[in-house]
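Scroll down for the structure; my scribbles are underneath it.
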Amino acid sequence: MYRVMYKDAAQYVSRRNNIYYCVRRVPLDVRQHYKSSRISFSLKTKLLNAALRTAHSVSQRPEDYWLGLRLKQIDRPTIQLVQLGTTNDTSPSIMETVVLYLSINGKEGMPSVEHSCPTKAIYRHGNLSQWIT
């Protein structure tokens with residue numbers, strides 16, 4: 001896999017012309033996406049404590065981006081095993097299930113009040129009485 005290059009945000013901080021910068025090495029496995037092996041950007045401060053705080057808060061962003069690049073590189077062979085349009089679904093439809101339920105528990109014709117909850121939406125969208133035997 002890959003190994004962590006730095007363990008503390010303080011290791012990312014360097015100073016040049018009294019301005020602090022965040023410097024990160026690009027991991028080998030994602031280096032092909034970059035022109036350089038290092039990333040450097042200004043933390044826009046002359047204070048060490050502010051630079052450390054800022055470096056700590058921005059240190060996770062490159063790691064998250066690199067994780068996304070790594071996940072894009074993963075081969076997913078299982079997607080080739082899926083065959084679309086070849087499923088034989090033998091489960092009953094919602095209408096058939098409600099009809100069976102009412103034929104066992106409901107009264108003839110319209111369902112009783114105690115059995116109206118499962119059919120409330122179906123009555124709105126279609127005539128259930130034609131399915132009841």
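Quick check, is Glu96 modelled with pLDDT of 80 or more and exposed (fewer than 12 other Cβ atoms within 10 Å of the Cβ)?
yes
Of all residues in the range 25-49, which are within 27 Å of the chain's Cα centre (by Cα), closer than 17 Å to Glu63 by Cβ and not in a loop (DSSP other than H, G, I, E, B)?
Leu28, Asp29, Val30, Arg31, His33
Within the group Tyr20, Tyr34, which residue is among the hydroxyl-bearing types (Ser, Thr, Tyr) and without any contact (Cβ under 8 Å) to a residue 12 or more places away in the chain?
Tyr34
Tell me, yes or no, whether the range 53-71 has at least one residue that is in a helix (DSSP H, G or I), modelled with pLDDT under 80 and within 23 Å of the chain's Cα centre (by Cα).
no
The values are calculated or read from the model by the stated rules, or taken from the named source; none is laboratory data. If you're wondering where the values come from, they're calculated on a predicted model, not measured in any experiment. Quick reminder, even Gly has a Cβ in these numbers, built from the backbone with ideal geometry, and neighbours come from all protein chains shown.
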